[in-house]
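Since the structure comes first, as structure tokens, the remarks are kept for the end.
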Amino acid sequence: MSAYPANLLEALRAEPGVKLSERATKDADWWPGDAPQDKKAAEKRMEQLAELLSDLQERLFAASVAGGQGPAVLLILQGMDTSGKGGTVRHVLGMLDPQGVKHHAFKAPTEEEAAHDFLWRITRQLPAGGLVGVFDRSHYEDVLVAKVKGFATPDAVESRYGKIVDFEKQLIEQGIHPIKVMLHISREEQFERLSARLERADKHWKYSPGDVDDRLLWDDFQSAYEVAINRTDNQGAPWHIVPADQKWKARLCVAELLLATLERVAPDWPVATFDVEQEKARLAAAK
């Protein structure tokens with residue numbers, strides 16, 4: 001197997017003091033030369049990844065079904081509107097067995113959710129052992145949207161960074177391994193995608209007038225993302241910044257991140273709790 005995945009994952013890692021304006025949204029000098037260079041090559045690699053991911057996911061799920069709680073994986077997707085969160089879920093998580101996936105898309109807090117601490121609704125959606133969880137938006141909305149739109153006081157937002165770090169440490173202690181991804185789209189590409197939604201009747205359902213309201217706050221959101229990433233990035237729960245102007249490239253990156261995590265945490269196949277040879281003999285007798 002090519003050595004490029006390791007180089008790719010290292011390049012996606014957010015560096016200390018990251019500046020999003022300095023991170024590529026499309027072509028990048030760091031993109032490995034032996035990695036897929038176009039959509040067709042990426043599709044071929046995705047076929048390979050599908051087989052690898054399927055095997056690892058089944059091992060993860062089997063361990064929990066066999067009686068042990070086992071580890072879980074949690075893919076956290078953040079990004080501006082149209083950055084491709086939904087498409088990433090469909091194309092990457094769609095390669096897995098749905099019975100082993102727990103997906104949740106976080107919207108604006110309900111009245112009940114808003115009455116609790118901001119992490120209350122998050123903990124209710126965490127994946128159980130053996131599952132691959134995915135959050136389409138997450139607790140980071142409470143230091144992004146809340147900060148930019150003033151839904152929380154500056155002091156409240158400030159206190160949340162530390163709470164998030166502690167929360168994610170607790171996740172790891174519980175055996176839930178987070179993969180934090182920011183899908184990094186350019187302002188120009190977002191304009192093209194929003195325009196396309198308005199031009200196609202079958203895409204109108206994906207468009208919201210609020211998307212333009214948020215677009216007018218683009219610089220504020222970019223700043224909020226930088227602060228959030230820098231304040232919550234750590235060795236146990238690192239941030240990855242995925243170039244998202246090319247959908248095939250973003251999906252490939254996320255699939256590689258998921259594979260690397262499953263390779264690290266998926267347990268071996270559970271040992272049989274019965275006498276295999278004896279069961280073979282019994283089955284043969286029942287033929």
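Scanning region 20-79 for residues that are open to solvent by 80 Å² or more (accessible area, probe 1.4 Å) and part of a helix (DSSP H, G or I) gives Ser21, Glu22, Lys39, Lys40, Glu43, Lys44, Glu47, Gln48, Glu51, Glu58, Val65.
Scanning region 262-287 for residues that are free of Cβ contacts under 8 Å to residues at least 40 places away in the same chain, open to solvent by less than 100 Å² (accessible area, probe 1.4 Å) and not in a helix (DSSP H, G or I) returns Ala272, Asp275, Ala286. Number of residues in region 159-196 that are under 21 Å from Leu257 (Cβ atoms), basic (Lys, Arg) and open to solvent by 20 Å² or more (accessible area, probe 1.4 Å): the value is 1. If you go through region 81-95 and keep only what is open to solvent by 10 Å² or more (accessible area, probe 1.4 Å) and in a loop (DSSP other than H, G, I, E, B), you end up with Asp81, Thr82, Gly84. Looking across region 117-158 at every residue that is of a type in the set (S, T, N, Q) and surrounded by fewer than 14 Cβ atoms within 10 Å (Cβ to Cβ), the one that is farthest from Gly70 (Cα to Cα) is identified as Thr153. If the condition is being open to solvent by less than 50 Å² (accessible area, probe 1.4 Å), among the small types (Gly, Ala, Ser) and not in a strand (DSSP E or B), then region 99-116 contributes only Gly100. Given the condition modelled with pLDDT of 95 or more and outside any helix (DSSP H, G or I), answer yes or no: does some residue in region 205-217 qualify? Yes, region 205-217 contains at least one residue that is modelled with pLDDT of 95 or more and outside any helix (DSSP H, G or I).
Scanning region 188-196 turns up no residue that is hydroxyl-bearing (Ser, Thr, Tyr) and either closer than 19 Å to Leu20 by Cβ or not in a helix (DSSP H, G or I) (or both).
Of all residues assigned to region 53-67, at least one qualifies as being of a type in the set (S, T, N, Q), in contact (Cβ under 8 Å) with a residue 24 or more places away in the chain and farther than 19 Å from Ile179 by Cα. Cβ-Cβ contacts under 7 Å between residues 6 or more apart (or on different chains), taken from a first residue in region 26-43 that is without any contact (Cβ under 8 Å) to a residue 60 or more places away in the chain to a second residue that is assigned to a loop (DSSP other than H, G, I, E, B) and open to solvent by less than 90 Å² (accessible area, probe 1.4 Å), are listed as Asp34/Ser2.
Inside region 216-261, residues that are hydroxyl-bearing (Ser, Thr, Tyr), open to solvent by less than 10 Å² (accessible area, probe 1.4 Å) and over 22 Å from Val148 (Cβ atoms) make up a count of 0.
The values are calculated or read from the model by the stated rules, or taken from the named source; none is laboratory data. Remember, predicted model here, so these are calculated numbers, not experimental data. Glycine gets a Cβ as well: all are built from the backbone with ideal geometry, and neighbour counts include every protein chain shown. Ligands, DNA and RNA are stripped out before the accessible areas are found, and what is left, the full protein with its side chains, is counted by its heavy atoms. Shrake-Rupley method; radii C 1.70, N 1.55, O 1.52, S 1.80 Å.
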